[in-house]
Amino acid sequence: MDLSQFTQAFFVEAIELLAEMEQLLLQLDVDAPDSEQLNAIFRAAHSIKGGAATFGFTALTNTTHVLESLLDRARHGQLVLSAPMIDAFLETKDALQEQLTAYQAGKEPEADMVAHICGVLQKLALENAGAASAPAAAPAPAPKPAPKPVAVAPVPAPAPASAEPEAAASGDGVLRIRFARLSDSECELLAGELTNLGTVRSRTRTNDQLTVLLETSCDPDDIVAVCCFVIDESQIDISREGAGAPAEATAEVAAEVAAEPEPAVAVAPEPEPEPEPVVVADAPARLAAAPAASAPAAPAGAKESSSIRVDVEKVDQLINLVGELVITQSMLTQAATMLDPVAYERFLSGLGHLERNARDLQESVMSIRMMPMDYVFSRFPRVIRDVSAKLGKQVRLDTYGKETELDKGLIERIVDPLTHLVRNSLDHGIETPEVRLAKGKDATGQLLLSAQHHGGNIVIEVSDDGAGLNRERILAKALQQGMAVSESMPDEEVWQLIFAPGFSTAEQVTDISGRGVGMDVVKRNIQEMGGHVEIHSRGGQGTTTRIVLPLTLAILNGMSVKVGSEAYILPLSYVIESLQPLPEHLHSITAEGHVIRVRGEYLPLIELHRVFDVSGAQTQPTQGILVIVQADDSRFALLVDELLGQHQVVVKNLETNYRKVPGISAATIVGDGSVAFIVDVGAMPRIQRAQAASAAALAGAARRTDAIAL
């Protein structure tokens with residue numbers, strides 16, 4: 001039977017199980033381990049082993065088998081956990097991740113790596129071998145059953161009291177496996193799959209029910225783990241028939257009955273006094289979210305699952321189609337402005353309904369790609385544990401806003417920049433325990449990761465309570481590298497210097513930082529995602545790095561403005577208000593620079609026709625429209641000719657189709673079919689300053705030329 005169609009499902013689930021295992025290991029208290037956590041870690045390893053064995057991934061099977069044995073002893077109180085043992089388990093998780101990556105690429109894992117990690121685990125097992133045989137003062141408490149255990153019918157003869165719990169549920173025997181709510185294809189797949197797990201003694205089909213007698217040495221939870229790659233665990237019910245049922249007493253293999261079938265025959269042993277039911281506590285991790293007691297199979301119409309897995313390419317295709325629908329609807333709306341509203345009342349009313357439905361459809365489709373920030377934040381406990389141990393520091397991680405959602409395309413790209421910022425805080429920000437105590441601080445430093453929605457953006461912050469940035473050292477390093485700086489620069493501009501390529505104030509290079517690479521890449525990556533980075537720091541109190549990103553790069557609400565003959569889109573999340581100024585509200589600060597007074601506040605005036613060199617545009621602010629916007633915690637006014645309206649626009653990557661244009665973040669197609677540019681509002685002040693500096697340099701060169709001529 002070809003199992004390749006299920007391998008991708010196995011890889012996805014195995015990666016999720018490894019992530020869960022890592023989180024649980026980091027949360028585990030070695031001095032007083034929680035039995036539920038130990039059981040969950042064991043189930044994760046056990047499920048991966050079962051799937052790996054099914055698909056013939058030998059190295060993965062062998063590694064998880066050794067790990068599983070150690071975890072089984074730990075959860076039954078036969079192994080005393082320690083910090084080095086947790087380190088070994090985390091190292092094993094990394095090795096399993098490497099093996100999965102190799103198998104996904106169609107390759108075999110490196111034999112040396114597999115031998116090394118198995119050797120580490122086997123050494124642990126040997127070092128702790130005496131713990132299992134040493135007499136215990138009191139028996140270890142039995143582990144609590146998994147949240148949704150698989151109930152197994154009583155075996156003919158109870159296992160001896162000295163036998164290990166798993167031994168009672170293992171060994172050759174006959175299992176009665178009942179599957180409910182099956183389609184024809186699922187029935188054939190499962191029937192074929194079970195032949196890989198043992199000898200099928202009988203198979204009985206009734207409507208959408210399938211009952212199989214399987215002679216196997218596999219545990220019931222192994223069978224559940226394999227079958228769950230085809231169906232949901234709620235469709236599976238397993239009971240034990242007895243170890244020695246004679247083959248001649250069973251029904252013919254693969255017997256199928258179309259209607260009113262005779263039940264399959266199985267010879268039961270002599271009745272024994274009914275013992276307590278045996279509960280398999282190490283069912284796959286998928287069962288963790290289900291009710292605690294095993295229940296009968298749900299009716300055929302019951303809901304099987306609350307979620308499905310869909311390839312991200314299919315979601316992207318759907319989003320692109322919705323984007324094209326939004327563009328088409330915009331074209332129809334613009335064309336409809338030429339129609340008589342009385343004569344075409346019904347048509348215009350239907351067009352209004354179409355616009356509302358298109359917006360609702362767009363919002364629903366976009367929500368499919370949204371993922372919680374916990375997807376990112378959950379990676380950092382391990383990073384902080386490893387780096388702080390290497391640096392000899394004590395750090396506590398706090399997170400806020402893990403449920404805040406961000407587009408999947410952005411959330412995957414934000415992982416690397418955040419990782420660099422976290423490592424920077426650990427290396428340069430938070431002090432060693434001795435230094436912190438000398439400063440009157442707690443020996444344990446705090447690192448805070450937070451995320452929250454702000455308008456149409458998401459704000460992600462990395463904060464620490466460390467030493468803060470050293471202004472004098474940064475300025476000295478900038479002067480040493482020939483950068484144009486001055487002692488009068490405000491702190492906000494000084495902090496931005498650390499994003500310069502090759503800039504580092506570290507006194508020595510380590511494997512964590514000091515090479516001057518990383519921060520410039522962080523800033524560039526954030527800007528490519530349509531966002532910006534801010535830094536706030538106070539000496540001796542800590543540093544906060546704030547990343548502001550759009551929620552999605554696919555569709556945004558925008559305001560169309562006209563500058564000369566060109567149309568531009570301003571993201572609506574930046575726009576505060578628009579107005580037409582009076583002459584007394586304008587004030588000149590240079591020959592070409594102006595500010596406008598709005599309710600007692602003076603705002604810089606940026607003329608878009610100068611920024612983009614547009615001819616034929618309105619140059620008199622009193623004759624145009626000023627759009628007040630806010631970006632990077634500052635407000636300023638943009639001069640445009642007129643406002644065209646507000647609508648949703650589909651974002652198209654400009655670099656993919658053309659090239660990078662300063663001041664432009666992307667492009668879109670408007671209602672008349674023409675292309676309009678989406679303004680990078682946050683870049684406007686920087687571009688204006690650069691143009692002013694360039695103009696001043698040219699003017700200075702011209703004056704020097706005139707002086708030489710004279």
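Coupling constants for the range 86-102 follow from the phi torsions by the Karplus curve (6.51 cos²θ - 1.76 cosθ + 1.60, θ = phi - 60°), and in residue order they are 5, 4, 5, 5, 5, 5, 5, 4, 4, 5, 4, 4, 5, 5, 4, 4, 5 Hz; glycine and proline get x.
Accessible area of E472 (1.4 Å probe, protein heavy atoms only, ligands and nucleic acids ignored): about 130 Å².
Listed values for the range 576-584 are Karplus-derived 3J(HN,Hα) couplings in whole Hz (6.51 cos²θ - 1.76 cosθ + 1.60, θ = phi - 60°), namely 9, 6, 9, 7, 10, x, 8, x, 6, and x replaces Gly and Pro. Using the Karplus relation 6.51 cos²θ - 1.76 cosθ + 1.60 with θ = phi - 60°, the per-residue 3J(HN,Hα) values for the range 318-330 come to 5, 5, 4, 5, 5, x, 5, 4, 5, 5, 4, 4, 5 Hz, with x marking Gly and Pro. Beyond 23 Å in Cα-Cα separation lie the following of the pairs K49/K107; K402/K660; K562/K652; K390/K523; K439/K523: K402/K660; K390/K523; K439/K523.
Packing order of peptides 96-103, 663-670, highest average first: 663-670, 96-103 (average count of other Cβ atoms within 10 Å over each peptide's residues).
Under a Cβ-Cβ cut-off of 13 Å, what is the net charge of the residues other than N525 that fall near it, where Lys and Arg count +1 and Asp and Glu count -1? Result for the neighbourhood of N525: -1.
Could you please report the charge total around T668, scoring K, R as +1 and D, E as -1 over all other residues with beta-carbon less than 14 angstrom from its beta-carbon? Every neighbour counted, the sum reads -3.
A simple charge model with +1 on the Cβ of Lys and Arg, -1 on the Cβ of Asp and Glu and nothing else charged puts the dipole of the range 62-102 at about 180 debye relative to its Cα centre. Give me the net charge of V651's neighbourhood, meaning all other residues with Cβ under 14 Å from the Cβ of V651; Lys, Arg count +1, Asp, Glu -1. Computed value for this residue: -4. Close amide H pairs (under 5 Å, H built 1.01 Å from N) link I678 with I569, S665, A666, A667, T668, residues at least 5 positions away or on another chain. Calculated translational diffusion coefficient of the range 397-444 (10 °C, 1.306 mPa s; Stokes-Einstein with Kirkwood radius over alpha-carbon pairs) equals 121 µm²/s. Near the amide H of R201, within less than 5 Å, lie the amide hydrogens of L213, L214, E215, all on another chain or at least 5 residues away, with H placed in the peptide plane. Bridgeable lysines around K123 (alpha carbons under 18 Å apart, same-chain partners fewer than 8 residues away excluded): K93.
The stretch between Q691 and N207, if pulled fully straight at 0.36 nm per residue, gains 166.6 nm over its current Cα-Cα span. Surface exposure of the range 367-508, expressed per residue as accessible area with a 1.4 Å probe, stands at 48 Å².
The values are calculated or read from the model by the stated rules, or taken from the named source; none is laboratory data. What you see is a predicted model; the values in this text were computed from it and never measured. FYI the Cβ positions are ideal-geometry reconstructions off the backbone, even for glycines, and counts take in every protein chain you see. Note: accessible area is taken over every heavy atom of the protein model, side chains too, but ligands, DNA and RNA are not part of it. Shrake-Rupley method; radii C 1.70, N 1.55, O 1.52, S 1.80 Å.
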